[in-house]
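Below you'll find the structure, written out as structure tokens, and then a few comments.
The values are calculated or read from the model by the stated rules, or taken from the named source; none is laboratory data. As the structure is a computational prediction, the values presented were derived from the model and not from experiment. With ideal geometry, Cβ positions are generated from the backbone for all residues, glycine too; neighbour counts draw on all protein chains shown. For the accessible areas, the whole protein counts, side chains as well, though only heavy atoms, and no ligand, DNA or RNA atoms are used. Shrake-Rupley method; radii C 1.70, N 1.55, O 1.52, S 1.80 Å.
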Amino acid sequence: MTTSTALLIADLVGVAVFAASGASAAVAKRLDLFGVVFVGFVAALGGGIFRGLVIGEMPPLAFADWRYATTAAVTAGAVFWLHPQLARLRTTVLLLDAAGLALFTVTGTLKALDAHVPPVGACVVGMLSGIGGGLGRDLLTGEIPVVLRREIYAVAALAGAVVVAVLHRAGQAHSAPLLGAAVLIFGLRMVALRRRWTVPVATLRPPRTRDPGPGQR
């Protein structure tokens, strides 16, 4: 299997899992069929569209290749009709989202490197490719985006992107090593959820009130 074929398959799998993630979140919010498909479409293709615009892929594959839009729409529609059989939607959304994060981060980083983006920039592009779909899904369903919370999300994507850049530099950007990078992102995200690992946040102290003097009591 050539690298381009592996990238296409990984891309389409990422589209499918993010579409299912977005559609599951939309079903949980009780949106109609159009709403479910639209949220699934944005969740599946938002990160890829951003990646395409950054690396000069015009028009982005989401619009140039019918397989991307079709995969997103069909997957989201299937989730809408089959959601009674999908038990524990929240768990399903988290699993699919972690898988989509992993796949899109790996393919986004590798495509940026192949487009001659410097390694640091390619890692940022890969991270944003991974988190873009989830960001759009959360905004459309009225949730605070996961990337803005304390959870290990963007950090996991960035760690995986760095691994991809190192593998590319070492000439090991083949299917098996790249799959290992995706598994790293997925595993880090799921372990962080299970163990409740969080990123530090600023602690706000309540404003101090002045003690009134004797004459003011």
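Toward the positive end of the charge dipole of region 59-148, with +1 on the Cβ of Lys and Arg and -1 on the Cβ of Asp and Glu, the farthest Cα among 109, 84, 131 is that of 84.
Taking amide H positions as modeled 1.01 Å from N, with prolines and chain starts lacking one, the residues under 5 Å from residue 151 and 5 or more places away or on another chain are 199. Which of rounded, prolate or oblate describes region 1-124 when judged by the alpha-carbon gyration tensor and an a/c cut-off of 1.5? Since a/c reaches 1.5 and a/b is larger than b/c, the shape of region 1-124 is classed as prolate.
A protection proxy built from the mean count of other Cβ atoms within 10 Å ranks the segments 178-190, 18-30, most packed first, as 18-30, 178-190.
Quickly rank 31-37, 154-160, 142-148 as a protection proxy: mean count of other C-beta atoms within 10 Å, highest first.
Per-residue Cβ counts within 10 Å, averaged per peptide and sorted highest first, yield 154-160, 31-37, 142-148.
Axis of helix 33-54 versus longest Cα principal axis of the chain: the two differ by about 80°, to the nearest ten degrees.
On a per residue basis, the convex hull of the C-alpha atoms belonging to region 91-198 measures out at 91 Å³.
Shown for the chain: the carbon plus sulfur share of the solvent-accessible area, taken with all protein chains present and a 1.4 angstrom probe, equals 67%.
Taking square-rooted eigenvalues a ≥ b ≥ c of the alpha carbon gyration tensor, is the chain rounded, prolate or oblate, where a/c under 1.5 means rounded and, failing that, a/b exceeding b/c means prolate? It is oblate, given that a/c is not under 1.5 and a/b is not larger than b/c. Highest average first, the peptides 4-11, 75-82 ordered by how many other beta carbon atoms sit within 10 Å of their residues are 75-82, 4-11. Of interest is the spacing of the C-alpha centroids, which for region 1-78 and region 122-158 amounts to 15 Å. With protein chains left intact and a 1.4 Å probe, residues in the chain average 55 Å² of accessible area per residue.
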